[in-house]
Amino acid sequence: MHITRAFLDGMKEAAPQEVHIVNIIDKHIEYYTGCFTCKHNGGECIHNDDMKEPLDEVFESDLLLFSYPLYCYGMPASLKAFADRTMPLSSMVMKKQGDRYVHVGQADFSRLKYMMTCGCGFPNTKQNFEPAVMQFKLMFPNNHTIITVPESPMFNAPEAAEVTVPRFELVKQAGKQYAETGEIDEKLLAEICSPMIPEMCMRVSVIMNLYKQKTATRKDIYTPSPVAVCVVFQMTINADKLNIHNTLISIYHLIVF
Ligand SMILES: Cc1cc2nc3c(=O)[nH]c(=O)nc-3n(C[C@H](O)[C@H](O)[C@H](O)COP(=O)(O)O)c2cc1C
């Protein structure tokens, strides 16, 4: 939620916003059964659970924002269950749109805008975010904006403030821009979606943290990659004294120079 909160703060700076957060994980949402009853009865679902309210809200919203951590290259299962249960919003009728087929909506949703903010644990976005991004684009082919941020566990580490705080500022700026113009400048978006620290530093810092928590073995430490070996050796000596950020920076210097 860190990125999403910063984005919403930016939007609120531009103009007052009415924001309703639905914490999917706290809701009782049944799995879709594939009965398609809702397709024939005007959108009534057979389940009587917490799905009714968010579905009703879609009709009053201007923007639907999906905020989630990347799980197995896609959205977490609970959110996918929610997405499946939006089935009552579309009808059984299919139409061809370019090369693909889509279901026709039970109502006109063309005014809606869609946004996805997604963080991931790996240091690199490549061969990682693509399935989630593609799924979102296929679900919402029009009016979508997508923010993906690698290394997002850094947002939970106060020691990483030197790199996370400026990132929040960029996201806030993007939120303000989005509220004012309906889009985010391409260069700003690319900067937000880029790693906050070099790839190798993230890999090494994860191992160092595990070592500090005594959940990594010496074998883990000595096997990440040939380049990291000497660096990690340095860390094992200083682990208690170093905070994450100092460690990251010193590792970077060790590798680069
Ligand atoms: C079940 C599970 C699957 C994950 N799959 C991926 C993944 O495919 N790629 C990735 O980079 N990170 C993956 N992660 C790491 C999370 O994306 C990362 O911990 C999260 O973005 C941190 O955000 P949070 O602090 O909001 O939880 C996974 C984490 C879990 C628990």
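The values are calculated or read from the model by the stated rules, or taken from the named source; none is laboratory data. What you see is a predicted model, and the numbers here were worked out from it, not measured in a lab. Here the Cβ positions follow ideal geometry from the backbone for every residue, glycine too, while neighbour counts run over all protein chains shown.
Observations, loosely collected:
- All conditions in (1) hydroxyl-bearing (Ser, Thr, Tyr); (2) modelled with pLDDT of 90 or more; (3) touching a His at 6+ places or on another chain (Cβ under 9 Å) hold for Ser91, with the sole exception of (2).
- Number of the condition not met by Met51 [criteria: (1) of a type in the set (A, V, I, L, M); (2) under 21 Å from the mean Cα position of the chain (by Cα); (3) modelled with pLDDT of 90 or more]: (2)
- No other residue among Ile184, Ile197 is touching a residue at least 24 places away in the same chain (Cβ under 8 Å), β-branched (Val, Ile, Thr) and within 16 Å of the ligand (Cβ to nearest atom) apart from Ile197.
- Scan of region 64-92 for residues that are away from the ligand (no atom under 16 Å from the Cβ) and touching a helix residue (DSSP H, G or I) at 6+ places or on another chain (Cβ under 9 Å), ordered by number: Leu64, Phe82, Ala83, Arg85, Thr86, Met87, Pro88, Leu89, Ser90, Ser91, Met92
- Where a residue in region 147-164 is in contact (Cβ under 8 Å) with a residue 24 or more places away in the chain and within 8 Å of the ligand (Cβ to nearest atom) and its partner, wherever it lies, is among the polar types (S, T, N, Q) and in a helix (DSSP H, G or I), with Cβ under 7 Å and at least six apart: Phe155/Thr164
- Residue check, Ile29 touching a Phe, Trp or Tyr at 6+ places or on another chain (Cβ under 6 Å) and either within 12 Å of Arg85 (Cβ to Cβ) or within 16 Å of the ligand (Cβ to nearest atom) (or both): yes
- Qualifying residues in region 140-196 (those that are in a helix (DSSP H, G or I) and of a type in the set (Gly, Ala, Ser)) - the one farthest from Lys126 (Cα to Cα): Ala179
- Odd one out for Ala132, checked against (1) part of a loop (DSSP other than H, G, I, E, B); (2) within 16 Å of the ligand (Cβ to nearest atom): (1)
- Of all residue pairs spaced 6 or more apart or on separate chains, those with beta-carbon atoms under 6 Å, a first member in region 101-123 that is closer than 21 Å to Phe7 by Cα and a second member that is more than 16 Å from the ligand (Cβ to nearest atom) and aromatic (Phe, Trp, Tyr) are Tyr114/Phe140.
- In the set Asp9, Asp62, Asp26, Asp56, only one residue is of a type in the set (D, E, K, R) and modelled with pLDDT of 95 or more; that residue is Asp9.
- The requirement of being hydrophobic (A, V, I, L, M, F, W, C) and farther than 30 Å from Val149 by Cα is fulfilled somewhere in region 102-115, by at least one residue.
- Yes/no for Phe155 being closer than 29 Å to Ala83 by Cβ, among the aromatic types (Phe, Trp, Tyr) and either touching a Lys or Arg at 6+ places or on another chain (Cβ under 9 Å) or modelled with pLDDT under 80 (or both): yes
- Within region 59-121, strands (runs of 3 or more DSSP E) holding 2 or more residues that are of a type in the set (Phe, Trp, Tyr) and either at positive phi or buried (at least 16 other Cβ atoms within 10 Å of the Cβ) (or both): 63-69
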